[in-house]
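Here's the structure we're looking at; comments come further down.
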Amino acid sequence: MNNETIMKMGQEYVMNTYLRQPFALVRGQGSYVWDADGNKYLDMVSGIAVNNVGHCHPKVVEAIQKQAQELLHCSNLYWIEPQVQLAKMITDHSCGTKVFFCNSGAEANEGAIKLARKWASKKYGSGRYEIITALHSFHGRTLTALTATGQEKYQKGFEPLTPGFKYVPYNDLEAMTMAITPQTCAILLEPLQGEGGVYAATPEYMTGVKKLCEEHGLLLMFDEVQTGLGRTGKLFGYEHYGIEPDVFTLAKGLGGGVPIGAVVAKGEAAETFSPGEHASTFGGNPLATAAAIAALSAIIDEKMPQQAFEKGQYITEKFLALKEVHSCIQDVRGLGLLVGMELSFEAKPVQDYCLKKGIIINTVQNKVVRLVPPLNIPYEDIDKCIAVIAESLKVIEEGRAWKGQ
Ligand code: PMP
């Protein structure tokens with residue numbers, strides 16, 4: 001099928017939840033993808049922070065093929081070898097001591113929220129159920145994950161939402177202090193708000209929040225769905241801050257392109273659940289965990305956090321140089337290969353221009369260009385992307401000047 005046929009069928013049979021580009025991607029390799037008409041694109045978005053190891057990383061493909069011949073799915077009523085291996089690997093490389101596996105970021109956050117409430121009910125008895133999250137946060141689209149999400153646009157029309165959530169401005173320690181009540185059981189934060197516009201937490205905020213959690217006996221939970229697995233220049237985002245969360249969630253980059261999510265917890269929090277208290281049929285299935293072992297091995301063996309750090313700095317420097325000549329660039333920010341460039345106008349025309357030139361970029365919060373390429377992207381591809389973005393800014397600025405805007 002070609003792009004047109006696939007699009008027409010999709011419009012007829014697939015629910016209309018996404019604003020999609022008019023083409024279908026059918027193949028991927030490294031930092032490139034191809035559509036059904038054979039057009040090639042440089043993917044600076046990696047399926048939105050999913051393909052950290054690049055599209056169809058050979059180790060991931062091999063692991064999937066091997067596992068697919070052995071066993072695709074069994075059940076969590078039995079032990080699963082790649083699942084226990086992956087759990088060990090994650091805890092060996094993080095502050096966590098035990099892992100619960102599920103299938104997506106939203107499901108991981110649901111699991112973390114349930115863990116926090118169950119933990120509080122076992123530790124303190126009933127009445128401590130409140131969870132504080134940040135304004136402009138993003139935690140997923142299931143009903144409780146979207147309740148945790150501090151953006152009304154995702155919640156409208158889905159009321160009544162899950163009770164027991166409170167939202168505070170991000171990076172505001174005083175507001176966080178004021179929000180804690182005797183009912184609070186946990187704080188859930190992203191180390192860097194990706195969907196919220198690429199804003200990293202400040203070190204003072206993170207250490208302050210950690211202290212508040214200790215003082216009030218709360219669980220500190222980080223949503224590392226977008227920031228985890230090397231994306232920010234460290235294996236996990238919290239490593240930038242010299243503090244450890246009690247719980248953190250993973251998804252996106254964990255499976256190297258295969259759906260998998262995880263709730264990672266340490267110490268007492270990791271011992272919260274008893275048999276029957278939480279579950280997921282496909283969670284930690286052999287295929288997804290075999291893929292994740294390969295993806296995580298590639299991230300570690302190929303030093304991808306370091307690559308993300310260096311390439312992130314490179315992009316940031318190039319963007320800052322562009323800022324000198326393009327007054328429309330208001331700000332350049334981010335961590336590692338999660339880079340945001342805020343413009344004085346809507347960033348969509350930049351995205352459209354890049355797409356016409358065969359480069360996929362992404363925008364968040366209307367005015368922010370977000371780059372989240374594979375962590376092993378070659379420098380020449382980065383240069384190609386930056387040259388086209390620069391060209392687009394020039395063309396757009398000239399057009400605006402011509403129109404007197
Ligand atoms: N948390 C964060 C920080 C995210 O960026 C996302 C996805 N953009 C999610 C949760 C939800 O993940 P999923 O789409 O896999 O449910």
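The values are calculated or read from the model by the stated rules, or taken from the named source; none is laboratory data. Keep in mind that this is a model prediction, so the values were computed, not measured. Here the Cβ positions follow ideal geometry from the backbone for every residue, glycine too, while neighbour counts run over all protein chains shown. Ligands, DNA and RNA are excluded from the accessible area calculation, which covers all protein heavy atoms including side chains. Shrake-Rupley method; radii C 1.70, N 1.55, O 1.52, S 1.80 Å.
Brief remarks on what is shown
- Cβ-Cβ distances below 7 Å connect the following pairs, each with a first residue in the range 232-244 that is under 20 Å from Val50 (Cβ atoms), a second residue that is small (Gly, Ala, Ser), and a separation of six or more residues or different chains: Thr232/Ala308; Thr232/Gly336; Gly233/Ala308; Gly233/Gly312; Gly233/Gly336; Phe236/Ser94; Phe236/Gly228; Gly237/Gly228.
- Number of the exception - Leu72 against (1) within 15 Å of the ligand (Cβ to nearest atom); (2) aliphatic (A, V, I, L, M); (3) in a loop (DSSP other than H, G, I, E, B): (1)
- Reported count of residues in the range 1-11, each being surrounded by fewer than 16 Cβ atoms within 10 Å (Cβ to Cβ) and assigned to a helix (DSSP H, G or I), is 6.
- Qualifying residue in the range 386-400 (condition: touching a His at 6+ places or on another chain (Cβ under 8 Å) and either modelled with pLDDT under 95 or basic (Lys, Arg) (or both)): yes
- Any chance Val60 is closer than 28 Å to Leu335 by Cα, under 20 Å from the mean Cα position of the chain (by Cα) and assigned to a helix (DSSP H, G or I): yes
- Residue list for the range 229-262, filter: within 12 Å of the ligand (Cβ to nearest atom) and part of a strand (DSSP E or B): Phe248, Thr249, Leu250, Gly261, Ala262
- Residue count for the range 112-150, restricted to those that are within 13 Å of the ligand (Cβ to nearest atom) and closer than 21 Å to Lys266 by Cα: 4
- Selected residue [open to solvent by less than 10 Å² (accessible area, probe 1.4 Å) and more than 18 Å from the chain's Cα centre (by Cα)] from Ala321, Ala251, Ala262, Ala298: Ala298
- Residue under evaluation Cys185, criteria (1) within 16 Å of the ligand (Cβ to nearest atom); (2) within 23 Å of Ala145 (Cβ to Cβ), criterion not met: (1)
- Ile113 meets each of the listed conditions (1) β-branched (Val, Ile, Thr); (2) more than 24 Å from Val50 (Cβ to Cβ); (3) buried (at least 22 other Cβ atoms within 10 Å of the Cβ) apart from (2).
- Here the strands (runs of 3 or more DSSP E) wholly within the range 88-189 that include at least 3 residues being in contact (Cβ under 8 Å) with a residue 40 or more places away in the chain are 98-102, 130-134, 184-189.
- Among residues of the range 152-204, those that are under 20 Å from Val225 (Cα atoms), hydroxyl-bearing (Ser, Thr, Tyr) and open to solvent by less than 50 Å² (accessible area, probe 1.4 Å), counted: 3
- The range 12-43, residues that are among the hydroxyl-bearing types (Ser, Thr, Tyr) and part of a strand (DSSP E or B): Tyr32, Tyr41
- A search for C-beta distances below 6 Å between a residue of the range 215-226 that is at negative phi and modelled with pLDDT of 95 or more and any residue that is hydroxyl-bearing (Ser, Thr, Tyr) and more than 16 Å from the ligand (Cβ to nearest atom), counting only pairs 6+ apart in sequence or on different chains, returns Leu218/Thr184.
- Test for Lys210: is it under 21 Å from the mean Cα position of the chain (by Cα), buried (at least 17 other Cβ atoms within 10 Å of the Cβ) and more than 14 Å from the ligand (Cβ to nearest atom): no
- Checked across the range 40-58, the condition of being over 18 Å from Pro373 (Cα atoms) and either open to solvent by 60 Å² or more (accessible area, probe 1.4 Å) or modelled with pLDDT of 95 or more (or both) holds for no residue.
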